[in-house]
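Comments concern the structure below.
The values are calculated or read from the model by the stated rules, or taken from the named source; none is laboratory data. Computed from a prediction, not measured in an experiment: that's the story for all the values here. Cβ: placed from backbone, ideal geometry, glycine included. Neighbour counts: every protein chain shown. The area values use the complete protein model at the heavy-atom level, side chains included, leaving out ligands, DNA and RNA. Shrake-Rupley method; radii C 1.70, N 1.55, O 1.52, S 1.80 Å.
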Protein chains: 2
Amino acid sequence: MKKTETMSRRTFLSAAAGTAAASLFTTAHAGALYSSMAQAGNADPQYPWKDKGVIDLSHSPYAKLKGVPVAAVTIQEGFWSKRRQTNVQDSIPSMYDELIAHGRMDNFLRLEGRSDAPQKGPVYSDSDMYKWTEAVGFALQTQNLPALREKADTVIHEIVAAQEPGGYLNTYYVQDRSKLRMLPDTQTTGHELYNIGHLIQGSIAYYRATGDPTLLDAGIKFVDGFLLPNYGPGPNQKPIVAGHPEIEMSLIELYRTTGNHKYLELAGYILHGDTRIPLKERQIVYMFCGIPFTSRTKLEGHAVRAMYACCGATDYYLETGDASYLNTLTHLWEDLIEHQLYITGGVGARSEGEAFGDAYELPNARAYGESCAAIGNMMWNYRMLSATADARHADVMERALYNGINSGMSLNGRLYCYRNPLAFDPSTGDRIRNPWYDTTCCPPNLERTLASLPGYFYSTSSEGIYIHLYDNSELNWRLESGNAIRITQTTKYPWEGRVNLRVMPGQPEEFTIFLRIPSWSRASSVSVGGRQMGNIAPGRYLAIRRRWSGEENIELNLDMQPKLVRANPAVAEDTGRIAVQRGPVVFCMEQLDQADAKPDNFALFAARLSGETTAQYNADLLDGVVELTHAGVVNEQAASAALYQAAQTAGSGGQSMPLRLIPYYAWANREPSNMQVWIPYSRA
Amino acid sequence: MKKTETMSRRTFLSAAAGTAAASLFTTAHAGALYSSMAQAGNADPQYPWKDKGVIDLSHSPYAKLKGVPVAAVTIQEGFWSKRRQTNVQDSIPSMYDELIAHGRMDNFLRLEGRSDAPQKGPVYSDSDMYKWTEAVGFALQTQNLPALREKADTVIHEIVAAQEPGGYLNTYYVQDRSKLRMLPDTQTTGHELYNIGHLIQGSIAYYRATGDPTLLDAGIKFVDGFLLPNYGPGPNQKPIVAGHPEIEMSLIELYRTTGNHKYLELAGYILHGDTRIPLKERQIVYMFCGIPFTSRTKLEGHAVRAMYACCGATDYYLETGDASYLNTLTHLWEDLIEHQLYITGGVGARSEGEAFGDAYELPNARAYGESCAAIGNMMWNYRMLSATADARHADVMERALYNGINSGMSLNGRLYCYRNPLAFDPSTGDRIRNPWYDTTCCPPNLERTLASLPGYFYSTSSEGIYIHLYDNSELNWRLESGNAIRITQTTKYPWEGRVNLRVMPGQPEEFTIFLRIPSWSRASSVSVGGRQMGNIAPGRYLAIRRRWSGEENIELNLDMQPKLVRANPAVAEDTGRIAVQRGPVVFCMEQLDQADAKPDNFALFAARLSGETTAQYNADLLDGVVELTHAGVVNEQAASAALYQAAQTAGSGGQSMPLRLIPYYAWANREPSNMQVWIPYSRA
């Protein structure tokens, strides 16, 4: 049955691909391109490049859920609006200035004889320009931003001018280094295909925003002109190893965009690995590629590589329905949530190799938790959610979004975290938030994520519509039946638990609204038109099936009681500690908020396990946050304690002191301060 | 005043050095060499090379304590005798076989045209042969071991045959790599002087055992022939950076052995650093050399480098009395015991860079705690003890010896730890004990330490004699007055707290016996001739001054009550945990000893904070150990717990179960098992 579906899908796609292929290497007027694909979808036939989701699942046969266009959701004043405004007004423009100042565009101009500057930055520096372009692309899908568009147009034209006639494009493997191109050793470390993967993703976001295929054509030209003729499984082709997974998901998105089935096949080949490139065990672990993806049994190695590989593999499943992929992905996901996930949604415990640790190895101060890895985690879980409609994926997505991703950018939008530790001591001299990193993967990654955020709020299915995320917002889209649907959300989420939804179908129709009940909401209520609903289970979608007509109100009330959380006893670093979560937001203590703010005393605070937590919105603190106060003790005698002391005499007693907590994402936005998410507790 | 002392000492030494210098490059009959130094000391004039301590402090003007010869103490059947017997019967011989099998001698033979084998091992491989020779040298100081002596003689002759006429000796920087010799970059990473430092230490131990100066002459020839003429602070000399400290302390021991003051001056120059070799900040941190030692403010960087640098700096103080050195050393030592010392006496928290972490950064499972660093810690504290007579240094020395060093060698003497973690999960696939490492610094380091151990038991001072360590043993030596002194210890230490000492001076004399009361012994008693002593303070030497004559009995009773220990609250990884120590021995739990031995349940054990601990000697367990039983609980429900869960419902309750503990040093001597030193506690 599945096989037949795959076959017919393939037949359809091949036909579509024929049309798309004919338009390759053209730079015809935007909108004329790739029209065969567009006609098969929901999109406006006049602008077939428009109205796509974060990824375009509109034709993906194994996607239970289809994304809604980024532009279909308008985020209104509320939690995310300020972040997103800062993103387009400060982050993306200032990152452009940083990229220019650090020679990242000179790298391209040099190849065009327009710059004398030497090559700058690591081998993956091209990708930073591409990811920045992607951020602009997503931003332009929801907003008119002429200044950014002009900059991006210039960047794109300078990029494509550096492309070689045969399609190869890279600013590092040129001149003396040309001979190293795509050698097996270069592939494992050189990031050539990683760069192109980001070019493709950036080009598609930009194309979907503007209809301008200039950069997209360059990506196609690389793949069709350079890659496919020379590399692949054929006897006359040379082998590929991804090195840093990224190309896989981008090729599949290129397939979704063009209908050219060869891109999907190439992605499948890369996901399978090619034994003609012999790899050492440590490379296989670190790179999370090079062997069949379906032979993976656990998350390991470089966390971003692993997350991007999982994204590509899920994309592959969404198109092919290959059950061995879903089995492996399910198994890896269980490994994630059982052993590897920080409470912040971050992943990657170790600085060495920016890597996953052993099961339950989740250090706090030394946590790596790279912003890119948390983003990769969200991207993967969005794909898994689309494949399965299982709300647990939305839980992980939300956890990462509000915490481990959101922490990655300062409130002013101009400083970025590479690491996102769960405890911090400024006396170590570490600077966690910086305007620039020579490896500047995280900043534009954060920017593209915030710019694409509206696309993560809803999905459609054949049964109706799924609501994943809550914020003041308005959806204007279509059900899969073609009937228009408008949904508004009015809420102070995540600071308050009440969400008022108004559902307005274009025509009366029976369908289901799948309302996400987050797993952290132990006591929720839902009323529809004033009538209370039953069977509300945390960590599930509440299916509200009825004939919807006119304008109907849903009131959702989520449980905003602050929760003390303990980690599994196997997490050695969280023994004797609790964390505090309220709604989707994980909290932390900064030393500067405490009444006893002596830095040396930070380790002496303990939270009373049975103490009360009170919540208070403070508009003047950290751009407006709920702050928490929890009963605590401070044991000042222990300050002068020896490194080791008799257990009976140590640590007992102490004086009562309320502990003040702020949302984790907002940490390190004031003067340097000690910080901890996991707080020692006292039973006293 | 001090200056005058230094001056007169220098004058004396220069005169002595003149004599020594005359005998350089000769291979005259053992005993004829360096006689000027020998005559100034206590040693038998017929065998002036004999009867030296682990380091020879007999002429060190700023040593408050002088070591006693390694051969002066006979360790009898008891705790250390089995270890030391295994060392000479199994460890040293099997390590010889490993070194030969891995081509470490072929490296030398190749240079003599006697081997076709290619160069094997890292740049510091020569040092492993030298350290092995040192182990044999110390072993021969207390035992007649003809088979080992024959092997060592052969090794030494093969080593010196590889020395170049100009004195240079190294098996790596030869042929094509000769041009890299002693370049600044080579000095920072190439370990040329580190190798020679170990040659010198090994040669001195061997010379002091046998009177054979063959290897010692090679060391002198390197320094006098190659190093001193070409390298140093002079305008026509090239600069030196130690790279890996080791040469400093070995040059000072060479000065003590020969009286040649130039070696002390060269050590001082290296400890000061030479600005003509510009270093990056991270090199200065990592290498713990290259800038004035006296400008150091904390322990940081590579732990073995830092410890060896501190050894060299203390040796320099012991000879020169330079107060700025003692100030710096005291400050660094306080940093050690307040922020950096594992309860096992191990140091070096991080695997990355084998380095010290930040203050209080003392992870357990990921602890590095390299055996060499613990040994370096003991060597440094022995020097500090000699400089200050402060019993706190003996406490650290004992802590390292019984735990973090002793753990480094398996009970069968053929497997070695490089890392000495304080928690372990075998499912990570780590193998902690191995017969061979390509970087095999730790195994021969452990062997030389066990072989030299008798030399750490006692010191003399102008007031009398200090007793640092306890074990069944007999001392035969002299007081500084020249009067013979014999002391026997009869004890089952460290398993029992009673030590019976018999003090037998050659002639009646008034002097002080300084009896170490370990800091862990909160309630101790001492009686002399049946009379109880007062003023017994933990962490101090009890001074027993009287006129000793004939045969006098001292009975020492130390507090062997097991202690639950808590770490300073700033040690994040030990929150909610206790460790158990009994006497000098730190204990640990291995999962295989627990009644509920399911590996998955290991994290669910908790020790009752107010529970009883009982101790039982078990002759059949792990070559005979005291095992402890402590009241505990196991919470099996938590086994299937999610990664994060509500604090209120988690972790409470559980079923009573006694926890069994073994000495930490004996861990991982049976089948692979979970292990932890720091055990979660329960107040219930």
Top-ranked residue of segment A:573-600 - restricted to ones that are facing chain B (nearest Cβ under 9 Å) and in a loop (DSSP other than H, G, I, E, B), ranked as farthest from A:HIS630 (Cα to Cα)
A:THR575
Can you name the residue in segment A:511-542 that is small (Gly, Ala, Ser) and crowded, with 18+ Cβ neighbours inside 10 Å and, of all such residues, is nearest to the chain's Cα centre (by Cα)?
A:SER519
Residue, nearest to the chain's Cα centre (by Cα), within segment B:563-600, restricted to residues that are over 19 Å from B:ASN674 (Cα atoms) and free of Cβ contacts under 8 Å to residues at least 40 places away in the same chain
B:ARG566
Looking only at segment B:53-88, count every residue that is part of a loop (DSSP other than H, G, I, E, B) and under 29 Å from B:THR320 (Cβ atoms) and tell me the total.
15
Being within 14 Å of chain A (Cβ to nearest Cβ), part of a strand (DSSP E or B) and open to solvent by 10 Å² or more (accessible area, probe 1.4 Å), is that true of even one residue in segment B:543-557?
no
Examine segment A:418-434 for a residue that is more than 30 Å from A:PRO680 (Cβ to Cβ) and either in contact with a helix residue (DSSP H, G or I) (Cβ under 8 Å, 6 or more places away or on another chain) or without any contact (Cβ under 8 Å) to a residue 12 or more places away in the chain (or both), and state whether such a residue exists.
no
Filtering segment A:614-635 down to residues that are part of a strand (DSSP E or B) and open to solvent by 20 Å² or more (accessible area, probe 1.4 Å) yields A:THR614, A:ALA615, A:GLN616, A:TYR617, A:ASN618, A:GLU627, A:THR629
Can you find a residue that is in contact with a helix residue (DSSP H, G or I) (Cβ under 8 Å, 6 or more places away or on another chain), farther than 20 Å from B:CYS441 by Cα, open to solvent by less than 40 Å² (accessible area, probe 1.4 Å) and assigned to a helix (DSSP H, G or I) anywhere in segment B:174-191?
no
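Out of B:ALA638, B:ALA607, which single residue is within 14 Å of chain A (Cβ to nearest Cβ), open to solvent by less than 20 Å² (accessible area, probe 1.4 Å) and touching a His at 6+ places or on another chain (Cβ under 8 Å)?
That would be B:ALA607, the only listed residue that is within 14 Å of chain A (Cβ to nearest Cβ), open to solvent by less than 20 Å² (accessible area, probe 1.4 Å) and touching a His at 6+ places or on another chain (Cβ under 8 Å).
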Any residue that is of a type in the set (Ser, Thr, Tyr), farther than 20 Å from A:LEU199 by Cα and without any contact (Cβ under 8 Å) to a residue 60 or more places away in the chain - is there at least one of those in segment A:270-283?
yes
Of (1) within 12 Å of chain A (Cβ to nearest Cβ); (2) of a type outside the set (S, T, N, Q); (3) open to solvent by 10 Å² or more (accessible area, probe 1.4 Å); (4) out of contact with any Asp or Glu (no Cβ under 9 Å at 6 or more places or on another chain), B:ALA389 satisfies all except one. Which?
(1)
For a quick check of your reading of the model, give me the residue pairs whose first member lies in segment B:173-186 and is farther than 18 Å from B:LEU228 by Cα, whose second is assigned to a helix (DSSP H, G or I) and open to solvent by less than 40 Å² (accessible area, probe 1.4 Å), with beta-carbon atoms closer than 6 Å and at least 6 apart or on different chains.
B:LEU180/B:THR186
Suppose we keep only residues that are polar (S, T, N, Q) and within 12 Å of chain B (Cβ to nearest Cβ) within segment A:349-375. Which one would you say is surrounded by the fewest Cβ atoms within 10 Å (Cβ to Cβ)?
A:SER351
From the list B:TYR382, B:TYR402, which one is away from chain A (no Cβ under 14 Å), open to solvent by less than 30 Å² (accessible area, probe 1.4 Å), in contact with a strand residue (DSSP E or B) (Cβ under 7 Å, 6 or more places away or on another chain) and part of a helix (DSSP H, G or I)?
B:TYR402
Qualifying residue in segment A:614-628 (condition: at pLDDT below 95 and away from every other protein chain (no Cβ under 14 Å)):
no
When B:ARG305 is run through (1) assigned to a helix (DSSP H, G or I); (2) surrounded by fewer than 20 Cβ atoms within 10 Å (Cβ to Cβ); (3) among the basic types (Lys, Arg), the failure sits at (2)
Mind checking whether some residue in segment A:291-301 is open to solvent by less than 10 Å² (accessible area, probe 1.4 Å), part of a helix (DSSP H, G or I), over 24 Å from A:ALA63 (Cβ atoms) and at pLDDT 95 or above?
no
Only listed residue being of a type in the set (Phe, Trp, Tyr), at negative phi and within 12 Å of another protein chain (Cβ to nearest Cβ), chosen from A:TYR325, A:TYR342:
A:TYR342
Please pick out the residue among A:THR460, A:THR440 that is modelled with pLDDT under 95 and either open to solvent by less than 10 Å² (accessible area, probe 1.4 Å) or closer than 20 Å to A:GLY539 by Cα (or both).
A:THR440
Restricting attention to segment B:481-510, and to residues there that are within 17 Å of B:ALA543 (Cα to Cα) and among the charged types (D, E, K, R), which single residue is most open to solvent (accessible area, probe 1.4 Å)?
B:GLU510
Does B:LYS120 meet the test of being modelled with pLDDT of 95 or more and either open to solvent by 10 Å² or more (accessible area, probe 1.4 Å) or of a type in the set (Lys, Arg) (or both)?
yes
Among the numbered criteria (1) in contact (Cβ under 8 Å) with a residue 60 or more places away in the chain; (2) in a strand (DSSP E or B); (3) within 11 Å of chain A (Cβ to nearest Cβ), which one does B:SER519 miss?
(2)
